[in-house]
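The values are calculated or read from the model by the stated rules, or taken from the named source; none is laboratory data. Note that this is a predicted model, so its numbers are computed, not measured. When we count neighbours, we look across all protein chains shown, and the Cβ atoms used for this are built from the backbone with ideal geometry, even at glycine.
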Amino acid sequence: MLSRFRNRRSRKGFTLIELIVVLFILVGLAALIIPTVSGLVGRTTASTSASSIGNVANAIQRYEAQFMTYPDNFDSLQTNLVTGVSLNTLDAAIVAATEDLTLTAPIRVPLTSAGITSVGLHTANDGSYEQAAPTALTNTSILRGLKATVQETLGLEKTGVAGKYVVLGVGSITDMKGKTMIEPPAAFPSDGSINPVLTYRRFMAVFQITDGTDPLKRAKLVGVLAPDASSVATELGNYFTLAQPNN
């Protein structure tokens, strides 16, 4: 009797049944934890992006209030202002939301009057942190403009008009550095496959340059977009959608 008791006390490890029970417990916990963690990452991404959009817009507005002009040297999102070749590390969503916008002497005036006379050019494969080359705008420079349908989606217009808005990146050569911001932010990626070093993840300022027919006297900031062309309203909507207990 005493030997049986000692054998039981000396037995080490788990039986097969005990291991199966532990395994089922772990699987059950994983089923509960993984969706929660995934939702938390998504909400963190959405809230961070919404906050950054607001911070970038605020920095541009404070610069204008302080210096009576908008900051110069935004990123053009192009690798060539003559042929209109877009930076090929842009998010597919921003490529789909924009189209070539060729400046003319009249529609360049609003940008010049607002202090935007030079933009940054990247090489084709540049990510978020490479220095762009400051390049003077001309009367034939090709930039990126919002498509008419996207103007409606973003709530800028009830009926969109092509060529009304220009989209410029807030990158590392902006005149705001050291004045109204320390460093332009890059968007926090929700997809682990997205590397800001290899893709362009800067936020983008949207300026209105015409009223739909005639050039404005001076360009005006109307919003800031995340690198995937989403607005602050979209990011907040994503946050609260992900925050629903059933999601």
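Here Gly115 meets the list (1) of a type in the set (Gly, Ala, Ser); (2) within 28 Å of Thr153 (Cβ to Cβ); (3) not in a strand (DSSP E or B) almost entirely, failing just condition (2).
Among the residues making up the stretch 118-152, those that are assigned to a helix (DSSP H, G or I) and without any contact (Cβ under 8 Å) to a residue 40 or more places away in the chain are Ala148, Thr149, Gln151, Glu152.
Picking from residues in the stretch 50-67 that are among the aliphatic types (A, V, I, L, M) and under 17 Å from Gly178 (Cα atoms), the one that is surrounded by the fewest Cβ atoms within 10 Å (Cβ to Cβ) is Ala65.
This table checks each residue for (1) modelled with pLDDT of 95 or more; (2) buried (at least 18 other Cβ atoms within 10 Å of the Cβ); (3) over 21 Å from Ala57 (Cβ atoms); (4) charged (D, E, K, R).
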residue	(1), (2), (3), (4)
Leu154	no, yes, no, no
Lys179	yes, no, no, yes
Gln208	yes, yes, no, no
Gly212	no, no, yes, no
Ser231	no, yes, no, no
Thr234	no, yes, no, no
Asn247	no, no, yes, no
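Say whether the condition of being at pLDDT 95 or above, assigned to a helix (DSSP H, G or I), within 26 Å of Pro215 (Cβ to Cβ) and not acidic (Asp, Glu) is met by at least one residue in the stretch 67-83. Yes: one or more hits. Being part of a helix (DSSP H, G or I), aromatic (Phe, Trp, Tyr) and under 23 Å from Ala133 (Cβ atoms) is true of Tyr63. When the residues of the stretch 114-145 are filtered to those that are of a type in the set (Val, Ile, Thr) and more than 17 Å from Arg202 (Cα to Cα), the one that is surrounded by the most Cβ atoms within 10 Å (Cβ to Cβ) is Ile116.
The requirement of being modelled with pLDDT of 90 or more and assigned to a strand (DSSP E or B) is satisfied by Leu216. For Val95, the conditions (1) surrounded by 15 or more Cβ atoms within 10 Å (Cβ to Cβ); (2) assigned to a loop (DSSP other than H, G, I, E, B) are fulfilled apart from (2).
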